Structures are given as structure tokens and as C-alpha cells.
Amino acid sequence: MRDEIDKFRAAKLQPLGVNPAGVESHRGYVEKFKFNFPLLSDPDRAIARAYHTLKEDGQGIQRTVYAIGKDGTVCFAQRGAPPVAAIVAAVNDR
């Protein structure tokens, strides 16, 4: 997302990340990798559970991309790192 932020912004989309680490840990992580989007903390993995991104061990997180439309419904879901164009198209086609 960091390297493709202009494409998201052009499509009027706000990307964000979710990570199980604590807020303090995120500060260094965000600075180190120069993230230009919000990174949310999910230490109890409630978001990960809700979006079915936990690995079989119940602790690890499987990278998954969701796009949520303005109406609050999920309009895109894919594991891994899909191309920005696919995410944008899914949102714009709604």
C-alpha cells in the first residue's frame, strides 16, 4: 500500500493496515517502513477473527485485503497482496 498510495488516493480510497502488535510497537514499525497510511493495533486479534484472517494456529495472521464500500459492505476480499487495480475496480464497480 505504501508504494501505491497515490493510486488509492486517486480512487478516493483510504487504505489502512491492521497488525496484532501494540500501539507503541507500531510507532517504530511505521517509521522504519515509512508507512503513509494508518496502522491499527489488534492485540487481542478481534479484527483478525472477525475477518477470518487468523492462521490455523489461532495466533498468526494471513495477509488479506478487504475493501469496504461506503455502504459498509465488503466489496473485495483476497488473501495475499492483490494488485491495486483489482481493489479499485471492485470498489468502483459497486
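The values are calculated or read from the model by the stated rules, or taken from the named source; none is laboratory data. Only a predicted model underlies this, so the values are computations on that prediction, with no experimental measurement involved. All Cβ positions, glycine included, derive from the backbone under ideal geometry; neighbour counts span all protein chains shown. Only protein heavy atoms, including side chains, enter the accessible area calculation; ligands, DNA and RNA are left aside. Shrake-Rupley method; radii C 1.70, N 1.55, O 1.52, S 1.80 Å.
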* Run the accessible area of the chain with a 1.4 Å probe and give the carbon-and-sulfur part as a rounded percent. => 52
* Asked: Mind listing the phi-derived Karplus ³J(HN,Hα) values for region 4-14, rounded to whole Hz, using 6.51, -1.76 and 1.60 with θ = phi - 60°, and x for any glycine or proline?
  -> 10, 4, 4, 5, 5, 5, 4, 8, 6, 10, 10
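What order do Lys32, Lys12 take when sorted by accessible area (1.4 Å probe), most exposed first? Write out the running numbers ahead of the final one.
Working: Lys32 145, Lys12 170 Å².
Order by accessible area, largest first: Lys12, Lys32.
Quickly estimate the mean residue ellipticity at 222 nm for the chain, helices only: each DSSP H run with n ≥ 4 gives -39500 (n - 2.57), and the total goes over all residues, rounded to 500.
Details: 4 runs with 31 residues, N = 94.
Helices in the chain give a 222 nm mean residue ellipticity of -8500 deg cm²/dmol.
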* Structure fact -> Too long for a 25 Å Cα-Cα cut-off, among Lys34/Lys55; Lys12/Lys34; Lys12/Lys55, are Lys34/Lys55; Lys12/Lys55
* Globularity ratio of the chain, using Cα Rg and 2.2 N^0.38 Å -> 1.11
* **About the Cα centre, charge dipole magnitude for the chain (Lys/Arg +1, Asp/Glu -1 at Cβ), debye** => 180
* **Alpha-carbon centroids, region 74-94 and region 1-40: separation in whole Å** => 17
